[in-house]
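Undergrad: I'd like to ask you about the structure that follows.
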Protein chains: 4
Amino acid sequence: MIKVGIIGATGYAGAEIARIIYGHPQAEVVWYGSRSYIDERFSSIFGNFFEIVDEKCLDDNMEELAEKVDVIFTATPQGLCAGLVNDEILNKVKIIDLSADFRLKNVDIYEKWYGIEHKSPQYIKEAVYGLCEINREDIKGKRLVANPGCYTTCSILTAYPLVKEKLIDPNTLIVDALSGVSGAGRGAKTVNLYCEVNESAKPYGVANHRHTPEIEEQLGYAFGGNIVINFTPHLVPMNRGILATEYASLIKKEDGSLPGEEEIRAAYEKYYKDEKFIRVLPKGTYPETRWVENSNYVDIGFKIDERTGRIIMMGALDNLVKGAAGQAVQNMNIMFGLDEAMGLDMVPAFP
Amino acid sequence: MIKVGIIGATGYAGAEIARIIYGHPQAEVVWYGSRSYIDERFSSIFGNFFEIVDEKCLDDNMEELAEKVDVIFTATPQGLCAGLVNDEILNKVKIIDLSADFRLKNVDIYEKWYGIEHKSPQYIKEAVYGLCEINREDIKGKRLVANPGCYTTCSILTAYPLVKEKLIDPNTLIVDALSGVSGAGRGAKTVNLYCEVNESAKPYGVANHRHTPEIEEQLGYAFGGNIVINFTPHLVPMNRGILATEYASLIKKEDGSLPGEEEIRAAYEKYYKDEKFIRVLPKGTYPETRWVENSNYVDIGFKIDERTGRIIMMGALDNLVKGAAGQAVQNMNIMFGLDEAMGLDMVPAFP
Amino acid sequence: MIKVGIIGATGYAGAEIARIIYGHPQAEVVWYGSRSYIDERFSSIFGNFFEIVDEKCLDDNMEELAEKVDVIFTATPQGLCAGLVNDEILNKVKIIDLSADFRLKNVDIYEKWYGIEHKSPQYIKEAVYGLCEINREDIKGKRLVANPGCYTTCSILTAYPLVKEKLIDPNTLIVDALSGVSGAGRGAKTVNLYCEVNESAKPYGVANHRHTPEIEEQLGYAFGGNIVINFTPHLVPMNRGILATEYASLIKKEDGSLPGEEEIRAAYEKYYKDEKFIRVLPKGTYPETRWVENSNYVDIGFKIDERTGRIIMMGALDNLVKGAAGQAVQNMNIMFGLDEAMGLDMVPAFP
Amino acid sequence: MIKVGIIGATGYAGAEIARIIYGHPQAEVVWYGSRSYIDERFSSIFGNFFEIVDEKCLDDNMEELAEKVDVIFTATPQGLCAGLVNDEILNKVKIIDLSADFRLKNVDIYEKWYGIEHKSPQYIKEAVYGLCEINREDIKGKRLVANPGCYTTCSILTAYPLVKEKLIDPNTLIVDALSGVSGAGRGAKTVNLYCEVNESAKPYGVANHRHTPEIEEQLGYAFGGNIVINFTPHLVPMNRGILATEYASLIKKEDGSLPGEEEIRAAYEKYYKDEKFIRVLPKGTYPETRWVENSNYVDIGFKIDERTGRIIMMGALDNLVKGAAGQAVQNMNIMFGLDEAMGLDMVPAFP
C-alpha cells in the first residue's frame, strides 16, 4: 500500500486527490495537510467525506511527512513546494507538485511570469513535466514530478500531434479557453462569489496568463524550436471543466494543397490511438465538458476550414481530474510502476 | 458475472444504472434497451460512454431479454413494466422496476393517483418495496422489486425512526422538498428548457404529487396505521439532488415534556447506526445536496424547536443514485446475495 | 427632485437602490456612501454603471449627509443605522433603514435574536414598519421607516389576508422558504463562493433565523395576539428570488366544513384587489421566481388540501427589489407623497 | 403613439420586444402574433406579464396586421418574413425583421448558408442592415430593416473601427464567441434541456455557423474588400449574454512598429465617442456579460500583445436586447425620428 501525504488537502485539487486515492486499490492517504485547518476534522471542511475519512488536518511539515509517506502531493500556491523541498526529503519520498514551481525549465521565465523568486532552482532540471501521455518514459522512476496545469494539459494535448507532425504552424496558434470556477480555487474572494460569477462570462489574464509560457515551452519541444502563441482564458459559470478551442494555419503540402481530414486524423491516431484517457472524437463531433466531468478523459475534436486554411482543434477535460488530481495520480501510478489507469477508470458522470 | 439488461437505458436513471454497473466488479450490462434509439450506439446518445461502451441500443423485448440476462432494470414510464411482465418472464429473471407500478399495495390508490389502469395487479402482493435499509430481509431472494421514488426515499428515511418510535405525530407531518432538474427526465419539454428552469424556483404538484401516497403508505406501516401528510415538491436550478425539509409535532412524554436531542438521536441511531449509506449528521449540521452528489448516501439532520413543539427533520440524497439507480443496484446486490455496497462505495463528488 | 443618499451603496441592495433611482423621474442619488471603497469610482465596483454614474464613493458621515439630501437609505449591517441616528439628523432628513434596527418593536427581542445592543431604542416607537401594502397610511409623512426583510415581506404578504380574516390558525403556520444567493450579501466568505453554492441546496438558520420574530410580530398584529411559527430558509443556486411555501391549518366554519376556494380567494381580493404590486394568481397556478425577477411584484397562489385540512400558500418576489430596494423606493414614494409606483413599473425580466 | 405588431411574440426575442415596448413612452403593442398559441392569453405563456398585458395571442396575418399597426417586428424563423412581405404591405407599414432574410445582400450566399430559397429577393436591395451605430443615416425613413444577429452585432462592433482604420488585417480575424442559452430559442429540444446545458460548455457550428457571412459582409464593407474569417460560437450555461473574443494581426506602421494603445483607442473613440450604447472600457478592463445584462449596451475592451503582434478585442452584449429586441426598438426609434435611446436607457441589472 502506497502511503500518500497531501499538502493543501483542503483546496479543491487537494480534496480531489483524497477522493481519487480513496478509490485507489493500492494507495491510501495518511496525511491531510492543511495549514488553515490544523486539528480540524477533514470531513468538517469537506462534508462529502463525513463518516468516510475520520482524520484531522495536519500541518505542512515536509520533513516529518517525508518519514511517514511514500509520496507527497503538493496542491499549494506557487512557491511553497520550491521553498520546502531539499535533498534529504527528495531522498526519502517522491513528490508530485501541482503548483507551477517545477514546470518551466527556464527559471527566468518562471520568475518573470510568476513574479516570485524561485527558492530551489537546482531541482528544476531533475524535475520531469508530468504530462503523462507525452513524457511517460521520463516519469518512470522519477522522484520529482511537475504536474501540469489544467489549461495547459488541455491546450497541449489538443494540438500536440499536429505540431509534432508539422501539420500546423505553431506561431499562428491561438488558444481560446473556457474554465469552470473551481479552477480559481477556494479562497474567499469577492470576485468568485456566486452572484459575481453566475450568469456571466468574462476573459481574464489576457495576453499575460501564467499558463502561456508552459504551453509555449512544451509545444516548442514538439515543434523543435521556440514558439509564441496567444492564450486567452475565460471564466464561465460552471463548477468544473476546461474547453480549449485552438486555431492554427495548416501548413500546405508540397503540391500546395492543405492537409485533409485523413491526414489530420492519422496524426492524432499516431500519438493517441492507444491512449486510454485521450478520446479523439469522430468527424463532426466536438468536445463538450459534460462528457468528461468527474473523469480523467480528454476529448479532442477538430474541423478543417478550407475557406481560411485554418484548422480548429478543440479539447475538453475536467480541470480537477485530468487537469489536476487525476493526472497527479496517473503520475503516481507511473512513478510506482503500477497500471497507469489504476483508480482512474471512472465513467464520466452525467448529468 | 451477473448479466444485466436495462429497459429505458437512455433516460437519466437508465444511463446512471449503466454507469454504476460499469464500476461493479460482479455485474455487466449486456442489453441497453431504448425504444427511441434502437440501433444507435449508446455512446452516441450519452457521450460520456464514448470508447467505454460500444454497444448499440436494443428494443424492450422482455421475452427475449429474459433469456439473456439475470436481472432487468426497468427505468421506464409508469405502466410499461406492469404491461410487460408475466409468469414466464418472472420465472427466468429478476426484475427491479424503477417506475411506480409495484410500489403501492392498493391498486385503487395507484389507479387514482396515476390515472392509468394497472395491467398486472396479480404481482403487486409479491413485489417488495425496495427501500433497502427498511426492507432488507424481504428483498433477499425476491424476483420482483419496486424501487422507491427519489422524493420518497429521502422523505421516508428522514422521518422513519421518529415515526416508528412514536416520537412524532405522523399526521402533523409536512414534507417540503426540493429537487434538481434531472428528476424531470430527459423528455423534450419547453418547461424543462435551460432558460425556463435556470434562475427560478417553483412549487409543483401541490397537494397532488404522486409520491404522496407512497410516503403515506410506508410511513403508515412504521406507525401502524393510516396517515395523511402534506408533501410539496419544488424544482430548483441544479442537475441533481433532493433535499427534504420535514416538520412534525413532537409527541409529549408522560411527564408532559418534549423528547430532547438525546432521545431523538437515539432513535436515529437505533435504526441507522450500522447503515453505511445513511449518515446522521452531528448537532447543528444540516444536510446539503453538494455533500451527497454522485453517491449513494443519504444525509440526515434535525433540529428541535421548543418554541413550537415541532421538530424539523432534513434529508438529502442524489436523486439519480440513492433516489434511483444506486438504490436499484443496492437492491440487486441484496437480491443476489452480494455485499450490499458492492459498486456503490464512491465518495460524493465535490464541487 | 428628491436628493437621495445611500449608505452602503456598494452592497447588492444599495446598488439596486441606485439602479432603481436612476430610472425614477423625481429622484436622484447624490451620495454613494461606501466605507470600503471611499474615493473609488462607484462604476469601478459595479461595472454596470460605467458611463452612467460618474461619482466616487463617499463615507457614511450621516451628519454631513443630512445637510445634503432629502432622504437617506441605509443598506448596511444591523446596528449601523441605530448607532448613527439622532434627533438632529431626523429633523433634517428622512431615513429608510434596510437593516433590522427598527423593525421589531420589542427591544429585548431585537437584542436576543440579533445578539447586539440597540443603540437608539428611543426611536423604535416612532419608526414605522414599511410594509407598504399593509402600513401605507402610517408611512405617509414619517421620518423613519424600517424597511422589511426579504423573507419577511414575502412570508407576511402571502399569509396576511388569511390570518387577518381568521381563516387559518396562525400557530400552525410553517413557512418554508427558498432564497437566491444575493440575499447573503457581497461579503467575501468561502461559504458563498460559486462552487460552494452552485449545484447544491441547503437549509440554514433552522428554528433560529432572525426573520422569524419579524414575521411573528407582524402576523401577530393581523391576528390580534401573539403567535409562534416555524420558519426555515434555504439557499438555492440562483442570483435573485424568494419563494415562500407556507402551510397552515384552515379554521373550520361553524358548520364544521372547511373554508373553500372562493372564501380564500375573497379574502385575498379584499386586501389585494387594488394593489398594483401584488398579483394573486388564478387557481392551479403557483408562483415562480422567474416571473417576478427584476420587478417589484409579489406573486401569490394557494391550494387547499382537503385531505389534511391545510392550505398551502405560496409567494414569490425578487429579494433585491420588493424584498429590499424596490420596497424602499416604494416607501420613499409614499413618504414624499408621490405616486407609489413611480420608478417601479418595470415588467419582470425573463429569461 | 406608434402602434406595434409582433409576429413571433412568444419566442424569447418577441417577448423581449413586448417588454421593452411596455416601457416605451411613445409606442404600444397592439398585436401579439403567435401561431402556436392563438387565442391563448399572452400572459399565460409569459407569466411575467400577468396583470400587465391582458391581450390574447393572434395569428400572423400580415395583411390584416398592416392595416392595424405602424410597425411590424418579425421575430420568427428564417424564411417567414421573406415569404409574407409584399408591396402592398410595405406601402402601409414599416417592417423590422429579426430573422436573417434581408441581412445578406447576396441571395446566393443566403441560400447556401441557410439552405432555403429566398421568397422575395426583390426587397433585399431596399432593405437596410440595421446596425444602428454604423448605418444610422440609411435607416432613417426606411420601410424595411434587417435587424442584425446577436453574434454579429457583437462581433462587428468590436472590430469595426480597427478594420475601418486599417489597423488590423481582417483576413487574420478570428472570432471566438460565447452565448447564453436564450439565443437557442424556446423550442422544445432535448439538446437545450436544463441538464444538457448546465455544467457544460461546448462549441457548435464550427466553421459553418450562419452568422459568419453576415460578419464577413459587414466588415468587408468597412475594409473595402472581401474578407474571410473564422467564427466559432460556444454555448455556455447562462440565460443571456454574448461575449466575443476576437484576434487579429496588427498592421505594422511605415516605420515597422506596431500601432500602440493610443492609436487603437483613438480609432475606437473616433467612431464610438458619442455612441450612448457603446462603452469602450479603460485599459486593463475587459467586458463581462454581467455588466450589460438587461440593457442595450455593448462593452468593448482590447489588449495589444506585442509578443505575437496581435490584438485581442473583446465585446459583450445582452443577446436579447442589443442582440435582438433592444436594437430592433433602437431601429424603430430611428425610423420614426424619435430619440434613438427612447425606452432603452435602463441600467444593466446586476446581479
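The values are calculated or read from the model by the stated rules, or taken from the named source; none is laboratory data. The structure displayed is predicted, hence computed values, not measured ones. Ideal geometry is used to build each Cβ from the backbone, glycine not excepted, and the neighbour counts take in all protein chains shown. Accessible surface areas use protein heavy atoms only, side chains included; no ligands, DNA or RNA. Shrake-Rupley method; radii C 1.70, N 1.55, O 1.52, S 1.80 Å.
Undergrad: If you restrict to DSSP beta bridges whose two residues both lie in the protein assembly as shown, what percentage is antiparallel, to the nearest 5?
TA: Looking only at bridges with both residues in the protein assembly as shown, the antiparallel portion is about 50 percent.
Undergrad: For segment A:1-121, give me the percentage of DSSP beta bridges that are antiparallel, rounded to the nearest 5 percent.
TA: If I count the DSSP bridges inside segment A:1-121, around 5 percent turn out antiparallel.
Undergrad: Sticking with this one: Determine, for segment C:1-118, the count of lysine pairs separated by eight or more sequence positions (or lying on different chains) whose alpha-carbon distance falls under 22 Å.
TA: 8
Undergrad: Once the Cα gyration tensor of segment D:81-159 is diagonalised, what are the square roots of 5 times its eigenvalues, in whole Å and ordered largest first, as equivalent ellipsoid semi-axes?
TA: The three semi-axes for segment D:81-159 are 20, 18, 9 Å.
Undergrad: Give the relative contact order (percent, whole number) for chain C; include only Cα pairs under 8 Å separated by 6+ residues.
TA: So the answer I get is 17 percent.
Undergrad: Explain nothing, just the number: dipole magnitude of the protein assembly as shown about its Cα centre with +1 on each Lys and Arg Cβ and -1 on each Asp and Glu Cβ, in debye rounded to the nearest 20.
TA: 0 debye
Undergrad: Kindly provide the helix-only [θ] at 222 nm of chain C, computed as the sum of -39,500 (n - 2.57) over DSSP H runs of four or more divided by all residues, to the nearest 500 deg cm²/dmol? Let's see the in-between values first.
TA: Numbers: 12 runs with 103 residues, N = 351.
-8000 deg cm²/dmol, from helical runs alone.
Undergrad: What Kirkwood hydrodynamic radius, in Å, does segment B:200-273 give when the mean of 1/r is taken over all pairs of distinct Cα atoms and then inverted?
TA: 15.2 Å
Undergrad: Leaving ligands, DNA and RNA out of it, report the carbon-plus-sulfur percent of the accessible area of segment C:152-206 at a 1.4 Å probe.
TA: 51 percent
Undergrad: Enter the mean projected area of the convex hull around the alpha-carbon atoms of segment B:1-109, in nm², rounded to one decimal.
TA: So the mean shadow area of the Cα hull is 7.0 nm².
Undergrad: Tell me: how much accessible area in total is hidden between D and A, 1.4 Å probe, Å², nearest 100?
TA: Its buried surface, counting both partners, is about 4200 Å².
Undergrad: Moving on. So what's the gap between the Cα centers of segment D:187-232 and segment A:136-204, to the nearest angstrom?
TA: Here the two parts' Cα centres lie 24 Å apart.
Undergrad: Can you give the angle from 0 to 90° between the axis of helix A:150-164 and the longest principal axis of chain A, with both taken from C-alpha atoms, to the nearest 10?
TA: 40 degrees
Undergrad: Next question. Using a 1.4 angstrom probe, figure out how much accessible area the protein assembly as shown has per residue, in square angstrom, rounded to the nearest whole.
TA: It amounts to 32 Å² per residue over the protein assembly as shown.
Undergrad: Follow-up question, since we're still on this one. Over the heavy atoms of D:Ser36, what accessible area does a 1.4 Å probe trace out, to the nearest 10 Å²?
TA: 90 Å²
Undergrad: Starting from the 7 Å offset along Cα-to-Cβ, what nm value, one decimal, do you get for the label separation of D:Lys68 and B:Glu64?
TA: Distance between label points: 5.5 nm.
Undergrad: What residue among B:Ala328, B:Ala13, B:Ala82 shows peak mean-square fluctuation when chain B is described by a Gaussian network model with Cα springs under 10 Å?
TA: Result: B:Ala82 has the largest fluctuation of those listed.
Undergrad: Here is a follow-up. For A:Glu306, place a label point 7 Å from Cα along the Cα-to-Cβ direction in every copy; what are the distances to the other copies, in nm, shortest first?
TA: In nanometres, ordered from closest: 4.2, 7.1, 8.2.
Undergrad: If I fit a long axis through the Cα atoms of helix D:12-22 and take the longest principal axis of the Cα atoms of chain D, what angle between them do I get, 0 to 90°, rounded to 10?
TA: Approximately 80 degrees, to the nearest ten.
Undergrad: Nothing charged except the Cβ atoms of Lys and Arg (+1) and of Asp and Glu (-1): what's the magnitude of the dipole of chain B about its Cα centre? Round to the nearest 20 debye.
TA: So the dipole magnitude of chain B works out to roughly 400 debye.
Undergrad: Could you work out the relative contact order of segment B:30-142? I mean the mean sequence separation of Cα pairs under 8 Å and 6+ apart, divided by the number of residues, in percent.
TA: Details: 140 pairs, mean separation 20.6, N = 113.
Computed over segment B:30-142, the figure is 18 percent.
Undergrad: To the nearest 10 square angstrom, how much accessible area does A:Cys81 have with a 1.4 angstrom probe?
TA: Its heavy atoms expose roughly 0 Å² to the probe.
Undergrad: With a cut-off of 8 Å between alpha carbons and a minimum separation of six or more residues, what is the relative contact order of segment D:303-351 in percent?
TA: So the answer I get is 18 percent.
Undergrad: If we hang a label 7 Å off Cα along the beta carbon direction at B:Gly224, how far is it from the matching labels on the other copies, in nm, shortest first?
TA: 4.4, 8.6, 9.6
Undergrad: Still on this structure, I have one more. Suppose R0 equals 30 Å; then what is the FRET efficiency for C:Asp87 and C:Gln26 from their Cβ-Cβ distance, rounded to the nearest 0.05?
TA: Efficiency at R0 = 30 Å is approximately 0.60.
Undergrad: Given +1 on the Cβ of Lys and Arg, -1 on the Cβ of Asp and Glu, and no further charges, what dipole in debye does segment C:46-137 carry about its Cα centre, rounded to the nearest 20? Can you show the working numbers first?
TA: Details: 10 positive and 19 negative charges, 86 e Å.
Around 420 debye, computed over segment C:46-137.
Undergrad: For the pair B:Asp274 and C:Lys276, what calculated FRET efficiency results from E = 1/(1 + (r/R0)^6), where r is the Cβ-Cβ distance and R0 = 60 Å, to the nearest 0.05?
TA: Numbers: r = 59 Å, r/R0 = 0.98.
The value I calculate is 0.55.
Undergrad: Right, here's the next one. With springs only between Cα atoms under 10 Å, which of B:Tyr123, B:Tyr151, B:Tyr221 fluctuates most in a Gaussian network model of chain B?
TA: Greatest mean-square fluctuation among the candidates belongs to B:Tyr221.
Undergrad: Ok, one more. Distances longer than 35 Å among the Cα atoms of chain C: what percent of all pairs is that?
TA: That fraction is 20 percent.
Undergrad: In the calculated pair distance distribution of the protein assembly as shown, what percentage of Cα-Cα distances lie above 57 Å?
TA: The share of Cα pairs beyond 57 Å in the protein assembly as shown comes to 20 percent.
Undergrad: I want to check the label-to-label distance for C:Glu306 and A:Asn171. Put each point 7 Å from Cα in the C-beta direction and report it in nm to one decimal.
TA: About 8.3 nm, to one decimal.
Undergrad: Let me ask something additional. How are the alpha carbon pair distances in segment A:262-351 distributed across 10 Å bins from zero to the largest one, expressed in percent?
TA: Values per bin, smallest distances first: 17, 42, 29, 10, 1.
Undergrad: Could you list the square roots of 5 times each eigenvalue of the Cα gyration tensor of segment C:137-250, that is, the equivalent ellipsoid semi-axes, sorted largest first and rounded to whole Å?
TA: 28, 18, 11
Undergrad: Hey, in the GNM for chain B with a 10 angstrom Cα cutoff, which one of B:Gly224, B:Gly79, B:Gly33 fluctuates hardest?
TA: Comparing B:Gly224, B:Gly79, B:Gly33 in a Gaussian network model of chain B, the most mobile one is B:Gly224.
Undergrad: Let me ask another. So the label point goes 7 Å from the Cα of A:Glu137 along Cα→C-beta, right? Which residues of segment A:304-338 then have their backbone N under 20 Å from it?
TA: Answer for segment A:304-338: A:331-338.
Undergrad: Enter the accessible area of A:Met335 (Å², nearest 10), with the probe set to 1.4 Å and all protein chains included.
TA: Approximately 10 Å² of A:Met335 is accessible to the 1.4 Å probe.
Undergrad: Report, for C:Gln26, each distance to the same residue's label point in the other copies, shortest first and in nm; define the point 7 Å along Cα→Cβ.
TA: In nanometres, ordered from closest: 2.5, 7.9, 8.0.
Undergrad: May I ask you to evaluate 6.51 cos²θ - 1.76 cosθ + 1.60, the Karplus curve with θ = phi - 60°, for each residue of segment C:283-293 and list the ³J(HN,Hα) values in order in whole Hz, giving x for glycine and proline?
TA: 3, x, 10, 10, x, 9, 5, 4, 7, 10, 4
Undergrad: How many Å³ per residue does the convex hull of the Cα positions in segment D:125-173 occupy?
TA: Enclosed volume per residue, from the Cα hull, is 89 Å³.
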